[in-house]
Amino acid sequence: MVDHPDQRRASYDLHLHTCWSYDATATAEELFAAASAGGVRRIAITDHHVIDGLKEAHEVAARYPEVSFIPGAELTVHCSIGAVDMVCLGLTQSAIEALAPLWEAYHEWQREFGATLCAGVRALGLDYTDAHRQELLESYRPVRTLDVQGLTHVGNRVQRAWFIERGFIESEEDYVPLLRAAAERVPRPPYPAADFVLPRVRRQGVLTVIAHPTGYFLRDDRERMDLLRRELSFDGVECAHGRKVSPELTPVYHTWCKERGLISTGGSDLHRPDDVEQDIGRHLGPEQWWPEIEKRLPEGAISNGEVGPIDSEHTAENRAR
Ligand SMILES: [Zn+2]
C-alpha cells in the first residue's frame, strides 16, 4: 500500500454505517473485524436515522475488546437551509430509551418518504409500485432490518440502477431530475425538524456533530458557519471526512472549532463491506483530537473502555454500567 499521508488510518473512525441503514450493506461484524485488523482502536456506528442495529453491534463489540465502541446515529434534520446530517455520538441505553419518540418519528418518516417517492414517480406515468419497492429493498436489505423498519425508501445506488434498467431514465445524470419532478407531483415529507430532534438529543448528554460540513458551510463561509452554529447549537464538527472534506479544509474547520470551544471529529462514512476492509479509519483526524472527544462523551458511552488487554470480567462490568 502507498504510504501517502492522505491514506494512513486514524486511531478512531466515528462515522460508519451498517446494514441497519437503508442504504448500507456492511455488518457490525465486518466493521469490528476491519477495525481490529487495521489497528483502528475506536469506532462509532452511526446508522442513518435509527438505533435499530446497536443491540447487535454491542454483541459484536464484546468479541472485539481491543476496539472501543461508541454507539451513535446519523440523524438528518430539517432546518433553515434544508436537510443537514448530524452525527450523534454516545447513545447510552438510557438515552436511547428517553429518545423513543424520536426513533418512532424517524421510522415513520422513512416509510412515508419511501411511499411518497414511489407515488411521485407513478404520477409521472412510470410503473413504480410499493411491491417494486419491496422487491428492491429485499434485494439488498436483510429481512431482520425490514421486519423492524418496514418499507423504507430505497438506497439511491440500487434505485438508480433499477430506473435505468426499467427505462425510466437513460443515464445516471437523469436520476436527480426525475426525483425532482416526482417530488413536484407528490411532495415528500421533510425530515424531522432540527428543533424537535437536537435539543432532545443534547439533553441526554449525547454529542451532536455536523457531518461532512463542506456543502452546509458553503466551503468555509464564516457567516454561514456561525448561522448554523447558532441555529443547530452543535457540539462539534466532522472536520475530517474520508471523501467529503478536502485536506486543506480540515485545519480551517479545526481552527474555527477551537475558537468556539467545539470538538473536532473524523470519520470515513463507509457503507459497504469491500470499502470497509480497505478504508476504515481513513480520514485526516489526528490522534490529538481523541482525548477531547472522549472527555465530552456521556458517561458509560464507550464500550470496551480503552485499548489494551482487558479481561472479559472487566468488559462485562463496563457494559453493565
Ligand atoms: Zn453517513
Query raised in the report: Which of the aspartates and glutamates could be linked to Lys55 by a straight reach, that is with a Cα gap under 18 Å, when you skip same-chain ones fewer than 8 residues away?
Result: Glu29, Glu30, Asp47, Glu74, Glu97, Glu104, Asp147, Glu317
Query raised in the report: Taking neighbour Cβ counts within 10 Å as the exposure measure, how do Phe163, Phe234 sort from fewest upward?
Result: Phe163, Phe234
Query raised in the report: Straight-line reach from Lys295: which aspartates and glutamates have Cα under 12 Å away, leaving out those fewer than 8 places along the same chain?
Result: none
Report task. Order the peptides 39-46, 296-303 from the highest to the lowest mean number of other Cβ atoms within 10 Å of their residues. Result -> 39-46, 296-303
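What is the order of Val206, Val143, Val148, Val201, fewest Cβ neighbours within 10 Å to most? Working shown, then result.
Details: Val206 26, Val143 9, Val148 12, Val201 23.
Ascending number of Cβ neighbours within 10 Å: Val143, Val148, Val201, Val206.
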Query raised in the report: Under a Cβ-Cβ cut-off of 10 Å, what is the net charge of the residues other than His48 that fall near it, where Lys and Arg count +1 and Asp and Glu count -1?
Result: -4
Report summary line: Rounded to whole angstrom, the alpha-carbon centroid of segment 39-118 lies from that of segment 10-29 at a distance of 10
Requested in this report: Sort Asp269, Asp52, Asp127 so that the residue with the fewest other Cβ atoms within 10 Å of its own Cβ comes first and the one with the most comes last.
Outcome: Asp127, Asp52, Asp269
Query raised in the report: Given N residues in the chain, what is Rg(Cα) / (2.2 N^0.38 Å)?
Result: 0.99
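Laboratory data are not the source of any read-out in this text; all were calculated from the coordinates shown. All figures in this text were calculated on a predicted structure; none of them were measured in a lab. Because the Cβ atoms are built from the backbone with ideal geometry, glycine has one as well, and the counts that use them run over all protein chains shown.
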